[in-house]
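Take a look at the structure set out below.
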Amino acid sequence: MAAEPDCLLKSVNSSASDPHQSVKIQPGPVKTHEKAVTSKSTDSARYQREHPPGESGRVLKPVNSRPSCPELTAPVKPGSGKVQQKTTTSSESARKKWTLEDFDIGRPLGKGKFGNVYLAREKSTKYVVALKVLFKSQLQKAGVEHQLRREIEIQSHLSHPHILRLFQYFQDKTRVYLVLEYAPKGELYKELMKNTRFDERRTATYMYQMTSALKYCHSKKVIHRDIKPENLLLGLTGDLKIADFGWSVHAPSSRRTTLCGTLDYLPPEMIEGKLHDEKVDIWSLGVLCYEFLVGKPPFEAESNADTYRRITKVDLQFPRHVSEPAKNLVSQLLKHDPNQRLSLDKVLEHPWIKENRLPSTS
Ligand code: ADE
């Protein structure tokens, strides 16, 4: 890997970055192998299922031994926000410098503010991944390079069945590429739109998976801060995967970046710009649970000012179809005082979760 996260994007200023001038990403050739991922009968699919790269810290080397990237496998020093000093290994000299040439690019999987995500396949191993392509010029214009650096540093050190893996990253003159785990069942918010709302079994199952992933993040002092359906993906068996760590930080934190987009998921302490900790994710978990059950977030309003008012007052109302035990859980998560919110351990033990969640498939 050519660049450490800390120096990533340093070349932004010096490069004449014109996204339109650079090599075009040609969607197409991976299509057939997407089938391979979803088809239970192919070797590639079986290999990817039986050998998740997160299992051994192996990075994109399922068949022939490819050197992994120490920057992306070394542990994060808790609280430091820095990648630990890497140790020099014999494989280091042989370390692979990834480029776009190493991948066949397939169909677009999603659109983002700073670029798109494509289905892709690493040529030598045939490993199917999702390639997130971000334009440096756009990141720079929005002043979010630090967020990308943090996203890379944090997500690359997390390994959990319900957190999307970030295997590698690389860059060229105009773009930064994130090599991500491919989640074959796609974006969860599309499922929610298709179904309007989820039943209690499905909601409790997702809640259990979310809670277990957040417990893991919080044990590493990582707070996600942007939990919402748009940032969740679905794996091959329909299991939930938290993606997009662009807003994540090490706790405690104060917000220095301007909030943009919806306020719907933000806890009172964050919209008020106060010092906050991992309990912000517990609030968002309550908002998420409500949205899964009802089909819209609890504090939705005509204007941002009204949403703000409803959040700070915790103006929470449930439609009649929501069961008492489900209401009980959501109400215990959506407490104005962060210290009054139910702990993640207690969410896992909540009677409604225990009675309704389906056994894990991942
Ligand atoms: N859409 C955005 N990112 C994705 C991913 N990693 N897998 C599948 N679909 C996606």
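The values are calculated or read from the model by the stated rules, or taken from the named source; none is laboratory data. Being a predicted model, the structure only gives us computed values, none of them experimental. Positions of Cβ are generated from backbone atoms using ideal geometry, with glycine treated the same way; all protein chains shown enter the neighbour counts.
Residue-level analysis places K126 outside the set of residues that are part of a strand (DSSP E or B) and among the charged types (D, E, K, R). Of all residues in the range 231-250, those that are without any contact (Cβ under 8 Å) to a residue 60 or more places away in the chain and near the ligand (Cβ under 9 Å from one of its atoms) total 1.
In contact with a strand residue (DSSP E or B) (Cβ under 8 Å, 6 or more places away or on another chain) and touching a residue at least 12 places away in the same chain (Cβ under 8 Å): which single residue out of E291, E300, E278 fits that description?
Among E291, E300, E278, only E278 is in contact with a strand residue (DSSP E or B) (Cβ under 8 Å, 6 or more places away or on another chain) and touching a residue at least 12 places away in the same chain (Cβ under 8 Å).
Checked against the criterion of being surrounded by 19 or more Cβ atoms within 10 Å (Cβ to Cβ), within 16 Å of the ligand (Cβ to nearest atom) and under 27 Å from P325 (Cβ atoms), the range 194-208 contains not a single residue that satisfies it. When restricted to residues that are modelled with pLDDT under 95 and surrounded by 15 or more Cβ atoms within 10 Å (Cβ to Cβ), the range 322-362 contains 1. The residues of the range 119-156 that are over 15 Å from Y169 (Cβ atoms) and within 16 Å of the ligand (Cβ to nearest atom), listed by number, are L119, R121, Y127, V128. Here the condition is being surrounded by fewer than 22 Cβ atoms within 10 Å (Cβ to Cβ), at pLDDT below 95, in contact with a helix residue (DSSP H, G or I) (Cβ under 8 Å, 6 or more places away or on another chain) and not aliphatic (A, V, I, L, M); of R149, R107, it holds for R149 alone. Say whether the condition of being of a type in the set (S, T, Y), more than 17 Å from the chain's Cα centre (by Cα) and either closer than 27 Å to V294 by Cα or part of a strand (DSSP E or B) (or both) is met by at least one residue in the range 201-209. Looking for residues that are of a type in the set (S, T, Y), more than 17 Å from the chain's Cα centre (by Cα) and either closer than 27 Å to V294 by Cα or part of a strand (DSSP E or B) (or both), one finds at least one in the range 201-209, hence yes.
Against the condition under 17 Å from L166 (Cα atoms) and either away from the ligand (no atom under 16 Å from the Cβ) or at pLDDT below 95 (or both), how does G115 come out, does it pass?
Numbers: under 17 Å from L166 (Cα atoms): yes; either away from the ligand (no atom under 16 Å from the Cβ) or at pLDDT below 95 (or both): yes.
Yes.
Taking only the range 157-186 into account, find how many residues are over 17 Å from G246 (Cα atoms) and within 13 Å of the ligand (Cβ to nearest atom). Summing the residues that are over 17 Å from G246 (Cα atoms) and within 13 Å of the ligand (Cβ to nearest atom) in the range 157-186 gives 5.
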